[in-house]
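For reference, the structure discussed in these notes is given below.
The values are calculated or read from the model by the stated rules, or taken from the named source; none is laboratory data. Note that the structure is a prediction, hence the values are computed from the model and not measured. Because the Cβ atoms are built from the backbone with ideal geometry, glycine has one as well, and the counts that use them run over all protein chains shown. What goes into the accessible areas is simple: the full protein's heavy atoms, side chains included, and nothing from ligands, DNA or RNA. Shrake-Rupley method; radii C 1.70, N 1.55, O 1.52, S 1.80 Å.
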Amino acid sequence: MKKYILDLIVTENTRLHANYVLIKLTQEAPLPEMLPGQFAEIRVDGSPTTFLRRPISINYVDREKNEVWFLVQLVGDGTRKLATVQKGDTVNVVLPLGNGFTMPASADTKVLFVGGGVGTAPMLYLGEALLKQGCKPTFLLGARSKNDLLQLEQFETLGDVYTTTEDGSMGEKGYVTMHSVLKAQKFDMIYTCGPKPMMMAVAKYAKAEGIECEVSLENTMACGVGACLCCVEKTDEGHVCVCKEGPVFNIKKLLWQI
């Protein structure tokens, strides 16, 4: 897909949590096509310690309002500075980057989304895309506590939502791979994004159960176009750049010891 360098205007910056903000951007012209699972490289202006763009998953594309959403976790100087943008500010982005998720072949496919922390971000856009194709997804979302579970209201409009928290403050206590829905229901396809240990545990479960599974990797991606080699991952086809060949991979391609 064609990539664009765009100066987008902030329409909204909402603090969802002490460590998360939702930034919505627009422009006068229609936004380019973007697929669920793709990401953007966002320039951070005004930070004396931030020199590289920050890779952020595309959270949602609102075609009616001509907005693209980014769910940003505040983890360092770059994202903390990005979180300070205000309505009317200009943000420079490169998008869409990478390859998205594979869409189910049939509306009858029983799909499970498993997300951890900010890894739930790409699942909102993907969930809507599946629903438009007649495939109602099930969401299994995990976090440390209930305050870290993000955008639950939006997910609930798309499908059934199950949650886990490590402290037991919401949903079932424990990790996503311990949730009872995995025993109560059978799934044909799993999409997952979040911390690597969580994704590996989900991939192990999927492999054991013979379920197709795609993961969205979060390797460090400095350039977004496969030039800097920061995000290399070992696959059955050799070393590849996650930003260019991914970030979405079928677990059968990855050399994970699961």
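Can you work out the PRE-style zone for K252? Point 7 Å along Cα to Cβ, and I want the residues of the stretch 191-211 with backbone N under 19 Å. Counting backbone N atoms under 19 Å from the label point, the list is 191-192, 200, 202-211. Compared with the dominant principal axis of the Cα atoms in the chain, helix 196-209 is inclined by about 30°. The sum of -39500 (n - 2.57) across all DSSP H runs of n ≥ 4, divided by the residue count of the chain, sets its helix-only mean residue ellipticity at 222 nm to -4500 deg cm²/dmol.
Have a look at the DSSP beta bridges in the stretch 159-258 and tell me what percent are antiparallel, nearest 5.
Working: 8 of 16 bridges.
Just about 50 percent of them are antiparallel.
With both residues required to sit in the stretch 109-216, DSSP beta bridges show an antiparallel share near 0%.
Counting heavy atoms of the protein chains alone, E33 has an accessible area of about 120 Å² for a 1.4 Å probe. The C-alpha atoms of the chain define a longest principal axis, and helix 121-132 lies at about 70 degrees to it.
Starting from the Cα of T102, step 7 Å toward the Cβ, then list every residue of the stretch 165-190 with an amide N under 16 Å from that point. Backbone N within reach: 188-190.
Label positions at I9 and D188, each projected 7 Å from the Cα along the C-beta direction, are separated by 4.4 nm.
Go ahead and run the numbers for FRET between V232 and E28, Cβ-Cβ distance against an R0 of 35 Å, rounding to 0.05. Please report the intermediate quantities before stating the final value.
Values: r = 38 Å, r/R0 = 1.09.
Efficiency computed from Cβ-Cβ geometry: 0.35.
Only protein atoms count toward the accessible area here, which uses a 1.4 Å probe; on the chain, the carbon and sulfur part of that area reaches 50 percent.
Suppose a student asked you for the relative contact order of the chain, using Cα pairs under 8 Å spaced at least 6 residues apart; what percent would you report? Let's see the in-between values first.
Numbers: 586 pairs, mean separation 44.9, N = 258.
It rounds to 17 percent for the chain.
Antiparallel DSSP bridges in the chain: what percent, to the nearest 5? Walk me through the numbers on the way to the answer.
Working: 38 of 63 bridges.
For the chain, the DSSP antiparallel bridge percentage is about 60.
FRET efficiency for Q86 and D62, Cβ-Cβ distance as r, R0 = 22 Å, nearest 0.05? Efficiency computed from Cβ-Cβ geometry: 0.65.
Measure up K207/K253; K136/K183; K3/K253; K196/K253; K196/K234; K3/K234 against 21 Å on the Cα-Cα distance and list the ones that go over.
Values: K207/K253 12 Å; K136/K183 19 Å; K3/K253 25 Å; K196/K253 16 Å; K196/K234 14 Å; K3/K234 25 Å.
Correct reply: K3/K253; K3/K234.
At the residue level, I5 shows approximately 120 square angstrom of accessible surface with a 1.4 angstrom probe and all protein chains present. In the complete set of protein chains, residue-level accessible area for R80 is approximately 110 Å², probe 1.4 angstrom. Straight Cα distances below 21 angstrom link K87 to the lysines K24, K65, with same-chain residues fewer than 8 positions distant left out. So what's the gap between the Cα centers of the stretch 48-97 and the stretch 199-230, to the nearest angstrom? Computed from Cα coordinates, the inter-centre distance equals 22 Å.
Hey, got the dipole for the stretch 69-202? About the Cα centre, +1 on K and R Cβ, -1 on D and E Cβ, debye to the nearest 20? Each step should come with its number before you reach the end.
Details: 12 positive and 12 negative charges, 29 e Å.
For this selection, approximately 140 debye.
The listed residues H17, H179 rank as H17, H179 when sorted by accessible area, largest first, using a 1.4 Å probe. Surface exposure of the stretch 20-73, expressed per residue as accessible area with a 1.4 Å probe, stands at 44 Å².
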